[in-house]
1. Consider ASP127 carefully, then state whether it is modelled with pLDDT of 95 or more, acidic (Asp, Glu), within 19 Å of VAL52 (Cβ to Cβ) and out of contact with any Cys (no Cβ under 6 Å at 6 or more places or on another chain).
2. Any idea which residue in the range 131-148 is farthest from PHE35 (Cα to Cα), counting only those that are in contact (Cβ under 8 Å) with a residue 40 or more places away in the chain and in a helix (DSSP H, G or I)?
3. Which ones in the range 138-154 are within 11 Å of the chain's Cα centre (by Cα) and surrounded by fewer than 19 Cβ atoms within 10 Å (Cβ to Cβ)?
4. If a residue must be open to solvent by less than 60 Å² (accessible area, probe 1.4 Å) and in a strand (DSSP E or B), how many such residues does the range 86-96 contain?
5. Kindly check whether there is at least one residue in the range 81-101 that is over 18 Å from LEU20 (Cβ atoms) and at pLDDT below 95.
6. Pick from the range 135-172 the residues that are among the aliphatic types (A, V, I, L, M) and touching an Asp or Glu at 6+ places or on another chain (Cβ under 7 Å): which of them is farthest from GLN43 (Cα to Cα)?
7. What are the pairs with Cβ atoms under 7 angstrom where one residue, in the range 88-114, is among the acidic types (Asp, Glu) and the other, located anywhere, is open to solvent by 70 Å² or more (accessible area, probe 1.4 Å)? Sequence gap at least six, or different chains.
Amino acid sequence: MTDTMPALTSRVEHGKELVLERTFRAPPALVFAAFTQAEHLRQWWGPRGWEVTHCTVDLRPGGKWHYCMKCVDRGQGDFYGVESWGLGLYDEIEAPERLVYTDYFSDPDGEINSEMPSSQTILSFEDVAGGTRVVSRSVYATEDALKTVIEMGMLQGITETWDRLAEHLQTRDQNA
């Protein structure tokens with residue numbers, strides 16, 4: 001069965017807040033699990049041609065999510081072989097409705113890269129007819145910080161990432 005749910009929509013609010021929305025054909029508990037469990041995240045996190053090579057999740061307020069994406073697609077030229085490390089520090093967890101974390105670029109040891117923009121990400125998971133509507137609000141310190149990540153290709157990356165999530169959820173649903 002093909003996923004006929006609407007594609008990702010994005011908009012900028014207040015100059016420094018990126019809002020993403022998409023409805024997934026899966027119940028909120030499964031979508032929330034896909035965002036918070038390493039075994040799920042390893043299957044879909046990152047744009048096409050990238051694999052998660054490291055992923056740990058300590059899901060509790062004050063806990064962290066530490067991961068590495070590596071480009072394994074030779075067709076992506078200079079990106080081939082590049083690793084991108086990230087760190088999420090959890091602020092609030094209200095399963096399966098809401099997840100709040102601060103998102104950082106990091107290194108393999110989990111040290112925050114202070115030269116790269118960080119954001120506070122607020123995810124809501126709303127039970128709607130036929131699935132779950134996810135709204136992600138990433139608030140950056142400045143308009144320039146948001147501009148930096150957009151210029152890095154983040155919108156294309158997150159679109160591909162959420163497409164992979166939809167595919168992962170569809171596979172999970174068929175295996176249930």
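The values are calculated or read from the model by the stated rules, or taken from the named source; none is laboratory data. Computed from a predicted model, the values in this text were never measured in an experiment. Because the Cβ atoms are built from the backbone with ideal geometry, glycine has one as well, and the counts that use them run over all protein chains shown. Ligands, DNA and RNA are stripped out before the accessible areas are found, and what is left, the full protein with its side chains, is counted by its heavy atoms. Shrake-Rupley method; radii C 1.70, N 1.55, O 1.52, S 1.80 Å.
1. For ASP127, the condition - modelled with pLDDT of 95 or more, acidic (Asp, Glu), within 19 Å of VAL52 (Cβ to Cβ) and out of contact with any Cys (no Cβ under 6 Å at 6 or more places or on another chain) - is not met.
2. Here the answer is GLU143.
3. Listed by number, the list holds a single entry, MET154.
4. 6
5. No, the range 81-101 has no match at all.
6. The qualifying residue farthest from GLN43 (Cα to Cα) is VAL139.
7. From the range 88-114, the pairs are ASP91/PRO61; GLU92/PRO61; GLU92/ARG98.
Residue-by-condition table, conditions (1) among the small types (Gly, Ala, Ser); (2) open to solvent by less than 60 Å² (accessible area, probe 1.4 Å); (3) out of contact with any strand residue (DSSP E or B) (no Cβ under 6 Å at 6 or more places or on another chain):
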| position | (1), (2), (3) |
| --- | --- |
| LEU8 | no, yes, no |
| GLU21 | no, yes, no |
| ALA34 | yes, yes, yes |
| VAL57 | no, yes, no |
| LYS70 | no, no, no |
| GLY77 | yes, yes, yes |
| SER84 | yes, yes, no |
| SER106 | yes, yes, no |
| GLY110 | yes, yes, no |
